[in-house]
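Trainee: My questions will all concern the structure given below.
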Amino acid sequence: MNLRPILTLAFCALAFNTATAQMAPAKIDSLAQLALKTFDVPGIAVAVVKDGKLVYANGYGVASLRTQKKVDGNTLFGIASNSKAFTTAAIGILVDEGKLKLDDKVTDYIPEFKMFDPYVTAEFTIRDLLTHRSGLGLGAGDLMIFPDSTDFTVKDIIHNLRYLKPVSSFRSKFDYDNQLYIVAGEVIARVSGMSWEDFIETRIMKPLQMTGSFASYSRIKNTKNYIDAHAPVDGKVVVIPRNTSEPTNAAGGIYSSVNDLAKWAIMQMNDGKYGDALAKNIFSSTIHRQMWSVQTPLPSGPGSYNTHFAGYGLGWFLNDAKGYLKVSHTGGLDGMVTQVTLFPELKLGIIVLTNQQSGGAFSSVTNEIIDSYIGDTGRDWVKVFSDNEKAGMAGAGKVVADVWKQVEEQKKAAVDGSLYAGTYHDNWLGDVTISQKDGQLWFASKRSPHLTGQMFFYKGNTFVVKWNKRSMDADAFAMFTTDENGKPLGLKMKAISPATDFSYDFQDLDFVKVK
């Protein structure tokens, strides 16, 4: 998701059915530099494809504040959830080959697959794995894979799905999910006889000559041209540990560059075809129509681009913008966020990769470029997203500040921490220990070591957990349940800040005291 040495390819004068010309390279340069500064992003990479060609690719800033190595068009970023479209493409290849069908039951391929509700288990299809309509809540189960320190395997994740309680009825609404894409990756492995990573690299990346891309960070070789992750810690952007979780690869593990992703985008807008005279195909036009057809509806409104519909296809978000189909996805990992945006009717693709976790940078750059192509200029998207981020941070900051103010006021309260000490068990996250050290309570997860931190009394039977890893920005309430004598029986949690990343799904935990 980053940028490096500058690769500016010759812009051609392109004709299309709008009255405006494309954004000039110099303007993209200045736009990207402004986004870097405004959103405090160390590095960014931008590519534009038009009419089947890469017409612009450039890198700005540095891949790492540690090394100061510059970003270029070949710099590798973790593209995070933009990997999901590769997983659906892999499923599509297997459909084309007659090895599975989208509406086959998951249990046909993974007999041990089980959801909370037996009916849902029996009816769950391959299509359901890819469309975020399972009935599970937003990011349900993500604490098995996030923050990156857990020891959960793909086998563990599949087993633990049975413990995640639904928040809506099956197929009734959209709630974004990562765990089921991990299951989809396992389907690919079992049907194809090769790992998801090998399948992606041999059946998609190699044919498209995405020679600098890899299906996971652990597979990067023959290059040091990749980014570090960055995030604000105590108000200053610094290098943070990258996410290297292998079980999550099918949901978000790919590392790629804007130069390579341009090849992917061009193939997508050519209906799965590639090569000389488009004589070859990655997948058929039949399965591609499924990918770009709404599978799960989403609320929509006119917004900035007079949008009339929105939904999720197979690995892609879909909506209309000024009458054109827009196909897009974003991705986020610790310290890096990305966006891929396609306008198939305009044969226009925009790829923006960054190495900091502020979405304002990729959003503003993408929208400014979109505006130049569809003739909808006049907005300052950098200012719009900057103002929105500041307002959101201010609101979230006040909530957090009020909580810590209450904690400070309670410092002199007489609280017997030993009452709460013990081992607490959640069916899918496993055990956590609450221990007392030097008069202070500490929280420690056995299977997710980054979930370790000091506990501070808040009020009643509620404490606040301040995580040792400060880049997580996800401090949480720990709310003990008690019997009639005040003896702790269990523990529930929820994030303090409304801005906490949804993958910290503390609200899905239900600990019972076991010791």
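The values are calculated or read from the model by the stated rules, or taken from the named source; none is laboratory data. The structure presented is a predicted model; accordingly, all values stated were derived computationally and were not measured. Please note: Cβ atoms are built from the backbone with ideal geometry, for glycine as well, and neighbour counts cover all protein chains shown.
Trainee: Cβ-Cβ below 8 Å, separation at least six or inter-chain, first residue in region 246-263 and surrounded by fewer than 24 Cβ atoms within 10 Å (Cβ to Cβ), second modelled with pLDDT under 95: which pairs?
Mentor: Every condition considered, the pairs that remain are Pro247/Ile145; Asn259/Leu7.
Trainee: Give the residue, chosen from Phe317, Phe362, Phe309, that is among the aromatic types (Phe, Trp, Tyr), buried (at least 23 other Cβ atoms within 10 Å of the Cβ), at pLDDT 95 or above and out of contact with any Gly (no Cβ under 7 Å at 6 or more places or on another chain).
Mentor: Checking each option against the conditions leaves just Phe362.
Trainee: Then there is this: Which residue is nearest to Pro241 (Cα to Cα), if the candidates are limited to region 478-513 and must be free of Cβ contacts under 8 Å to residues at least 24 places away in the same chain and surrounded by fewer than 18 Cβ atoms within 10 Å (Cβ to Cβ)?
Mentor: The selected residue is Lys494.
Trainee: Which of the residues spanning region 85-131 are in contact (Cβ under 8 Å) with a residue 24 or more places away in the chain and charged (D, E, K, R)?
Mentor: Asp96, Lys99, Lys101, Asp103, Glu112, Lys114, Asp117, Glu123, Arg127, Asp128
Trainee: Sticking with this structure for a sec: What is the number of the single condition among (1) farther than 27 Å from Met472 by Cα; (2) part of a strand (DSSP E or B) that Ala45 does not meet?
Mentor: The one condition Ala45 does not meet is (1).
Trainee: State yes or no: is Thr296 within 27 Å of Val183 (Cβ to Cβ) and out of contact with any helix residue (DSSP H, G or I) (no Cβ under 9 Å at 6 or more places or on another chain)?
Mentor: Answer is yes for this residue.
Trainee: Please name all residue pairs, on different chains or six or more residues apart, with Cβ atoms under 8 Å, provided the first residue is in region 304-324 and is among the aliphatic types (A, V, I, L, M) and the second residue is part of a helix (DSSP H, G or I) and at pLDDT below 95.
Mentor: Once the first residue is among the aliphatic types (A, V, I, L, M) and sits in region 304-324, its partners that are part of a helix (DSSP H, G or I) and at pLDDT below 95 give Ala321/Tyr305; Ala321/Ile374.
Trainee: Okay, next question. Out of curiosity, is Leu36 in contact (Cβ under 8 Å) with a residue 40 or more places away in the chain, outside any strand (DSSP E or B), outside the structural domain of Ser216 (by TED's automatic domain parsing) and not acidic (Asp, Glu)?
Mentor: Considered against the rule, which asks whether it is in contact (Cβ under 8 Å) with a residue 40 or more places away in the chain, outside any strand (DSSP E or B), outside the structural domain of Ser216 (by TED's automatic domain parsing) and not acidic (Asp, Glu), Leu36 comes out as no.
Trainee: When Trp428 is evaluated against the numbered criteria (1) crowded, with 17+ Cβ neighbours inside 10 Å; (2) closer than 15 Å to Pro147 by Cβ, which criterion, by number, is the only one it fails?
Mentor: (2)
Trainee: While we're looking at this one, here's another question. List pairs: first residue in region 284-300 and more than 13 Å from Leu102 (Cβ to Cβ), second residue among the hydrophobic types (A, V, I, L, M, F, W, C) and part of a strand (DSSP E or B) anywhere in the structure, Cβ distance under 7 angstrom, at least six positions apart or on different chains.
Mentor: Trp292/Leu318; Trp292/Val327; Val294/Leu318; Leu298/Ala310; Pro299/Ala310; Ser300/Ala310
Trainee: Evaluate the following for Ala444: is it in contact with a helix residue (DSSP H, G or I) (Cβ under 6 Å, 6 or more places away or on another chain) and outside the structural domain of Met336 (by TED's automatic domain parsing)?
Mentor: no
Trainee: Could you tell me which residue of region 168-210 is surrounded by the fewest Cβ atoms within 10 Å (Cβ to Cβ), considering only residues that are in contact with a Leu (Cβ under 6 Å, 6 or more places away or on another chain) and not in a loop (DSSP other than H, G, I, E, B)?
Mentor: Looking at residues that are in contact with a Leu (Cβ under 6 Å, 6 or more places away or on another chain) and not in a loop (DSSP other than H, G, I, E, B), I get Val191.
Trainee: Tell me which residues, restricted to region 134-175, are at pLDDT below 95 and within 19 Å of the chain's Cα centre (by Cα).
Mentor: Residues satisfying the conditions are Ile145, Phe146, Pro147, Asp148, Ser149, Thr150.
Rundown of residues vs (1) crowded, with 19+ Cβ neighbours inside 10 Å; (2) under 17 Å from the mean Cα position of the chain (by Cα); (3) closer than 19 Å to Asp510 by Cα, yes/no style:
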residue: Asp72; (1), (2), (3): yes, no, no
residue: Gly92; (1), (2), (3): yes, no, no
residue: Lys105; (1), (2), (3): no, no, no
residue: Met115; (1), (2), (3): yes, no, yes
